[in-house]
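Undergrad: I'd like to ask some things about the structure below.
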Amino acid sequence: QVQLVESGGGLVQAGGSLRLSCAASGRTFSNYAMGWFRQAPGKAREFVGAISKSGANTYYADSVKGRFAISRDNAKNTVYLQMNSLTPEDTAVYYCAAALTFLQTRVIIRGNEYNYWGQGTQVTVSS
């Protein structure tokens with residue numbers, strides 16, 4: 001099991017940048033594929049991006065491709081979401097999630113395949 005804590009959210013203007021962090025407890029972080037999701041008011045949870053256990057493989061939703069970047073530092077038990085060129089449509093609560101897997105290159109898109117979730121961090125982008 002892991003516990004996930006997101007941080008780095010806040011209020012930014014359109015066109016700005018923000019980096020979110022997700023810190024995981026325990027010593028088994030490298031056993032988990034990781035993902036980022038977001039949920040805006042009145043909308044369903046939306047996939048943002050995913051990263052494999054080693055960090056060698058990533059996958060992004062079309063809506064954030066080229067603007068967002070996922071990375072991880074397994075030595076620090078942390079996954080990051082770098083967000084650039086933000087727009088008001090990016091306003092949401094952002095969640096990180098972890099999925100235990102044996103596959104080194106697996107990226108997981110479906111939210112119901114993740115085992116653990118953080119509490120979320122609010123990102124608000126003003127125009």
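The values are calculated or read from the model by the stated rules, or taken from the named source; none is laboratory data. Computed from a predicted structure; not experimentally measured. Glycine gets a Cβ as well: all are built from the backbone with ideal geometry, and neighbour counts include every protein chain shown. Each accessible area value is taken on the protein alone, full model and side chains, heavy atoms only, with ligands, DNA and RNA left out. Shrake-Rupley method; radii C 1.70, N 1.55, O 1.52, S 1.80 Å.
Undergrad: Report the gain in length on full extension from Gln119 to Ser63: 0.36 nm times residue separation, minus Cα-Cα distance, nm rounded to one decimal.
TA: That works out to 17.9 nm of additional length.
Undergrad: Oh, and also: Out of the total accessible area of the chain (probe 1.4 Å, heavy atoms of protein only), what percent is carbon and sulfur?
TA: Summing carbon and sulfur atoms, their accessible area is 48 percent of the total for the chain.
Undergrad: Also, I was wondering about something else. Report the label-to-label distance for Thr105 and Arg19 in nanometres (one decimal), using points 7 Å from each Cα along the Cα→Cβ vector.
TA: Distance between label points: 2.9 nm.
Undergrad: May I ask you to give the solvent-accessible area per residue for the chain, in square angstrom, as obtained with a 1.4 angstrom probe?
TA: Normalised by residue count, the accessible surface of the chain is 52 Å².
Undergrad: Could I ask something else about it? Tell me which residues come under 5 Å, amide H to amide H, from Val48 once H is placed; ignore anything under 5 positions away on its chain.
TA: Answer set, sorted by chain and number: Trp36, Phe37, Arg38.
Undergrad: Same structure again: What list of ³J(HN,Hα) values in whole Hz, one per residue of segment 43-48 in order, does the Karplus curve 6.51 cos²θ - 1.76 cosθ + 1.60 (θ = phi - 60°) give from phi, with Gly and Pro shown as x?
TA: 10, 6, 4, 10, 5, 10
Undergrad: While we're here: Which order do Lys53, Lys65 take when ranked by solvent-accessible area (1.4 Å probe, heavy atoms of all protein chains), largest first?
TA: Largest to smallest exposure gives the sequence Lys65, Lys53.
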